[in-house]
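Reading through the structure tokens given below for one structure.
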Amino acid sequence: MTDDEVEFEGPGKARSLFYGALSGVGVAVIAGAAFYLAYSSSRTSARSVPQQVAIPSEKEASPLPQPPVPTVEPKGTIAGAVSYPSDYIPDDMKICARNVKTREDECVLNGSKQTYSLSVSPGSYLVWAQSGSETGRAFYSKAVVCGLSVECTDHDPLEIEVVSGEIVSNVDPGDWYVPG
């Protein structure tokens, strides 16, 4: 008999030994389970439990870098009157402006309207009107500025300078009498 055993007489003796043995097994099971949980959590914590990250306060946090904002230079406007050597303006009339530097054309189909407005990027431009049924163009020229009289013999197109956000008005492409 060991020191842990208590001797009883009768049927209670067997019961007491059984419960004593059972409590010893229970302690061993609990201790084993605790060891297993401690061991398995130490193994899995390194790979599956995310580590805690300190979140900085608003004072410590720096703003996130922002992508660059593309700068779009505001366009300028060319405006003027439309004319045609007839008693009407053709429905297919378009007004165009050619950037002198890039040689790119920007056009607007104006129809039979007597005025036009064309939005373009800043730069120097030559402006003309053209009907789809005509092969010729009517430029805004020195003759237009002169008044289109018979004394106005210089038909060279005029360059106009367009500035961002501004309107260049009275650019009337009406020199249909360009010598051939």
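FYI, it's all coordinate maths here, none of it is from the lab. Because the structure is a prediction, the values reported are computed rather than measured. Counting neighbours? That spans all protein chains shown, and the Cβs are built from the backbone with ideal geometry, glycine included.
Hey, Lys113 hits all of (1) of a type in the set (Lys, Arg); (2) over 33 Å from the mean Cα position of the chain (by Cα); (3) over 18 Å from Trp176 (Cα atoms) but one; which does it fall short on?
(3)
Among Val127, Val120, Val150, which is over 24 Å from Pro90 (Cα atoms) and of a type in the set (Val, Ile, Thr)?
On the way: Val127 fails: over 24 Å from Pro90 (Cα atoms); Val120 fails: over 24 Å from Pro90 (Cα atoms).
Sole residue among the options that is over 24 Å from Pro90 (Cα atoms) and of a type in the set (Val, Ile, Thr): Val150.
Looking at Ser119, Ser124, Ser164, Ser149, can you tell me which residue is closer than 30 Å to Thr71 by Cα and not in a strand (DSSP E or B)?
Working: Ser119 fails: not in a strand (DSSP E or B); Ser124 fails: not in a strand (DSSP E or B); Ser149 fails: closer than 30 Å to Thr71 by Cα.
Sole residue among the options that is closer than 30 Å to Thr71 by Cα and not in a strand (DSSP E or B): Ser164.
Among residues belonging to the range 116-133 that are more than 21 Å from Asp156 (Cβ to Cβ) and polar (S, T, N, Q), point out the one that is nearest to the chain's Cα centre (by Cα).
Restricting to residues being more than 21 Å from Asp156 (Cβ to Cβ) and polar (S, T, N, Q), the top hit is Ser121.
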